[in-house]
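First the structure, in the form of structure tokens, and then the observations on it.
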Amino acid sequence: MKNHHLLLLLCVLMASCQSKKVLLQLDLAEGDTYYQKSTMDSHISQVFGENTIDIDMGIVGDMSLKVVAEENDYYIMEAKFERMSMEMTMPMMNMAISSEDADKPDSNPLSKMFGRMADKPFTIKMNNKGKILEVSGMDEAFSSAVDEIAAELGDDQLDKVKAQMKQNFGKNGMLGNLQLTSPIFPENKVAPGDTWNASITSSMNGVDADHTITYTYVKEENGRYYLEATGHTDMGESEKTAQNLMPFPMKYDVDGSLQATFTLDATTGWIKAIDLKQDLDGQVEIQKNEQLPEGMLMDMKIDMDTKVTD
């Protein structure tokens, strides 16, 4: 009899543990629109010998994503930036650009460009596990926005602006940057404390950055799923910046840590809040060129804090 009671107790405990497992995935409705409102604050410190250059940057991007089709286990979304802005502070120069200033009489050309970008839809293909499979229409949308203000930029700046937009907002850069703030879910059900791994490549200042991430399912509470993530970021040593963005080639040997917390809607799996922190440091090599026959090596430290809400 005691053995029977013990077996019954074990069955109850196993059933209880099984009931706590959840299948993390997106369950979005065709025709509905979902939102991501993000702010990214970064501090970059570069050391040239005895000289230090500090750059502070703040980027805001409010984006809407409308599910236009659901096919098998993935979604086709029409995405659009509702608002874009960037503020930069560095020695001898401050800059502020905002799509909300685009139509003001004294608006600068880059604010007008951001305003044009906010009118240009593009397409995102994402599966129900949160993995972004494809971003299309970005290059065309941003090239069109730049072309609309070409006369104000002048030929000498036009190609540089296009290249910068392509690196940071183009198809490859945009896919990785969106994926970094969209958790990839595991295939199987998970219980609190379970972990799984993912690899993501994003773009940081036009340079590819590889991220290896371990996600942990923390709990379900009040209609929310809670996840945590830790990881490592490596800005590839062999990656070079585009020649039309910098007057000389550069190589990055910069890496560091990543920590994030995710709050998700338990019904749809959509993001409610994300807090992502990255701390990187290393060296950047300016390769030999006519201006610097011996080249130059500089220390670099990057601290980034990204927050996303719906």
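General observations
- Condition met for LYS125 (free of Cβ contacts under 8 Å to residues at least 12 places away in the same chain and either surrounded by fewer than 21 Cβ atoms within 10 Å (Cβ to Cβ) or under 15 Å from LEU65 (Cβ atoms) (or both)): no
- Helices (runs of 4 or more DSSP H) wholly inside the stretch 97-163 containing at least 1 residues that are touching a Lys or Arg at 6+ places or on another chain (Cβ under 6 Å), within 25 Å of MET57 (Cβ to Cβ) and modelled with pLDDT under 80: 138-147
- Failed item in (1) more than 23 Å from ASP255 (Cα to Cα); (2) modelled with pLDDT under 90, with THR201 passing the rest: (1)
- First in the stretch 281-296 and exposed (fewer than 12 other Cβ atoms within 10 Å of the Cβ), second anywhere and modelled with pLDDT under 80 and of a type in the set (D, E, K, R), Cβ under 9 Å, 6 or more apart: GLU294/LYS288
- Search result, residues across the stretch 179-198 that are farther than 21 Å from ASP255 by Cα and aliphatic (A, V, I, L, M): ILE184, VAL190, ALA191
- If the condition is being more than 21 Å from the chain's Cα centre (by Cα) and aliphatic (A, V, I, L, M), then the stretch 275-299 contributes VAL284, ILE286, LEU292, MET296, LEU297, MET298.
- Counting the residues of the stretch 50-75 that are over 28 Å from LYS112 (Cβ atoms), among the aliphatic types (A, V, I, L, M) and surrounded by 15 or more Cβ atoms within 10 Å (Cβ to Cβ) gives 1.
- Qualifying residue in the stretch 76-91 (condition: modelled with pLDDT of 90 or more and surrounded by fewer than 14 Cβ atoms within 10 Å (Cβ to Cβ)): no
The values are calculated or read from the model by the stated rules, or taken from the named source; none is laboratory data. A quick note: this is a predicted structure, and the numbers were derived from the prediction, not measured. Neighbour counts run over all protein chains shown; Cβ positions are idealised from the backbone, glycine included.
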